[in-house]
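Scroll down for the structure; my scribbles are underneath it.
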Amino acid sequence: MRNQIEFVVHGKYALFTDPVTRIGGEKFTYQIPTYQALKGIVESVYWKPTITWYIDEVRVMNSIQTEVKAVRPIKYQNDGNDLMYYTYLRNPIYQVRAHFEFNENRPDLAYDYNEHKHHNIAKRSVKRGGRRDVFLGTRECQGYVEACQFGEGESFYDDYGEVSFGPMFHGFTYPDEGDQESFQTRLWVPTMRNGIISFIRPENCEIVRTIHKDKMKQFKKGSNFTSVEEEYEDMFKGVEK
């Protein structure tokens, strides 16, 4: 597909949590990355409000192992801290396949609809390891992105069969990519087949809850928005296209 990218992301640790548990206290990671966490990684590679990224599949390469670490997070109320125990995923490696579509909620940015240039910028950003820092769930879990072909190499879960993980957090729907007036959360039930999890699209999640009313952010060229034409010329300056 002309609008698809594939890459491998890895790190020393990962912490994929239900946002409800992030208020405070001890944290325990999900066994697999959430759709939202992977989408955040893809958006760290390349993002513009003109496009919406969709995570198609993730392939779990290493066995799922956890490690408990003692941490001292700073309290919200004062400068003191308490001893907490966080459970992280250890040595996670994932192959990711994602594609973008133009955001139909942004007709004001229709002049930026250039699939060829968005795709080439995204592919080059993957080769460079992303345009922003990559994190596996939380900021303390640094991640690294490299180009790959989805499905290449051996996974610990090849020929492993089916594993269901029960109901878990899928992601957030921001007004820019939803009904333009509310901030929502979504749940789903993922199943891993021989190490591969195929994600359903956000609009196909059956459990959706509105958290609060919100509004779309405005973008204006020259102020807080750079067109894909300018970014393409800047990125590929002096490079054979």
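The values are calculated or read from the model by the stated rules, or taken from the named source; none is laboratory data. Bear in mind the structure is a predicted one, so any value in this text is a computation, not a measurement. So basically every Cβ, Gly included, is an ideal-geometry build from the backbone, and we count neighbours across all protein chains shown. For the accessible areas, the whole protein counts, side chains as well, though only heavy atoms, and no ligand, DNA or RNA atoms are used. Shrake-Rupley method; radii C 1.70, N 1.55, O 1.52, S 1.80 Å.
Need the failing condition index for residue 239 against (1) assigned to a loop (DSSP other than H, G, I, E, B); (2) among the hydrophobic types (A, V, I, L, M, F, W, C); (3) surrounded by 15 or more Cβ atoms within 10 Å (Cβ to Cβ), just the number.
Condition (3) is where residue 239 drops out.
Applying the selection to the range 17-34, what residues are crowded, with 22+ Cβ neighbours inside 10 Å and over 14 Å from residue 58 (Cα atoms)?
Passing the criteria: only 29.
Any residue in the range 61-68 that is of a type outside the set (Val, Ile, Thr), at pLDDT 95 or above, open to solvent by 40 Å² or more (accessible area, probe 1.4 Å) and not in a loop (DSSP other than H, G, I, E, B)?
Of all residues in the range 61-68, those of a type outside the set (Val, Ile, Thr) come to 61-63, 65, 67.
Still in the running and at pLDDT 95 or above: 61-63, 65, 67.
After this cut, where a residue has to be open to solvent by 40 Å² or more (accessible area, probe 1.4 Å) as well, the list is 62, 65, 67.
Now restrict to residues that are not in a loop (DSSP other than H, G, I, E, B): 67.
So far as the range 61-68 goes, yes, one or more of its residues are of a type outside the set (Val, Ile, Thr), at pLDDT 95 or above, open to solvent by 40 Å² or more (accessible area, probe 1.4 Å) and not in a loop (DSSP other than H, G, I, E, B).
Given the conditions (1) surrounded by fewer than 17 Cβ atoms within 10 Å (Cβ to Cβ); (2) touching a residue at least 24 places away in the same chain (Cβ under 8 Å), which single one is not true for residue 77?
Residue 77 satisfies all of (1) surrounded by fewer than 17 Cβ atoms within 10 Å (Cβ to Cβ); (2) touching a residue at least 24 places away in the same chain (Cβ under 8 Å) except (2).
So which residues in the range 154-183 are part of a strand (DSSP E or B) and out of contact with any helix residue (DSSP H, G or I) (no Cβ under 9 Å at 6 or more places or on another chain)?
Filtering the range 154-183 for residues part of a strand (DSSP E or B) gives 162-164, 168-173, 182-183.
Once the filter is applied, which keeps residues that are part of a strand (DSSP E or B) and out of contact with any helix residue (DSSP H, G or I) (no Cβ under 9 Å at 6 or more places or on another chain), the range 154-183 yields 162, 163, 164, 168.
Quick check on residue 131: is it charged (D, E, K, R) and either open to solvent by less than 90 Å² (accessible area, probe 1.4 Å) or closer than 21 Å to residue 91 by Cβ (or both)?
For residue 131, the condition - charged (D, E, K, R) and either open to solvent by less than 90 Å² (accessible area, probe 1.4 Å) or closer than 21 Å to residue 91 by Cβ (or both) - is not met.
Return the only residue of 174, 160, 113 being surrounded by 14 or more Cβ atoms within 10 Å (Cβ to Cβ), of a type in the set (Phe, Trp, Tyr) and out of contact with any strand residue (DSSP E or B) (no Cβ under 7 Å at 6 or more places or on another chain).
160
When the range 186-215 is examined, which residues are found to be open to solvent by less than 30 Å² (accessible area, probe 1.4 Å) and either among the charged types (D, E, K, R) or under 25 Å from residue 50 (Cβ atoms) (or both)?
186, 199, 202, 205
Restricting to the range 1-24, what's the tally of residues that are modelled with pLDDT under 95 and in contact with a strand residue (DSSP E or B) (Cβ under 7 Å, 6 or more places away or on another chain)?
6
If only one of 37, 98 is open to solvent by less than 40 Å² (accessible area, probe 1.4 Å), modelled with pLDDT of 95 or more and part of a helix (DSSP H, G or I), which one is it? Don't jump to the end; show me each part of the working.
On the way: 98 fails: part of a helix (DSSP H, G or I).
Unique residue meeting the criteria: 37.
Return a yes/no flag: does the range 121-137 have any residue that is assigned to a strand (DSSP E or B), touching a helix residue (DSSP H, G or I) at 6+ places or on another chain (Cβ under 8 Å) and touching a residue at least 12 places away in the same chain (Cβ under 8 Å).
Within the range 121-137, one or more residues are assigned to a strand (DSSP E or B), touching a helix residue (DSSP H, G or I) at 6+ places or on another chain (Cβ under 8 Å) and touching a residue at least 12 places away in the same chain (Cβ under 8 Å).
In this structure, is residue 149 in a loop (DSSP other than H, G, I, E, B) and without any contact (Cβ under 8 Å) to a residue 24 or more places away in the chain? I'd like the intermediate steps shown before the answer.
Numbers: in a loop (DSSP other than H, G, I, E, B): yes; without any contact (Cβ under 8 Å) to a residue 24 or more places away in the chain: no.
When the stated conditions are applied, residue 149 does not pass them.
Can you find a residue that is open to solvent by 20 Å² or more (accessible area, probe 1.4 Å), closer than 24 Å to residue 188 by Cα and at pLDDT 95 or above anywhere in the range 47-55?
Yes - at least one qualifying residue is present in the range 47-55.
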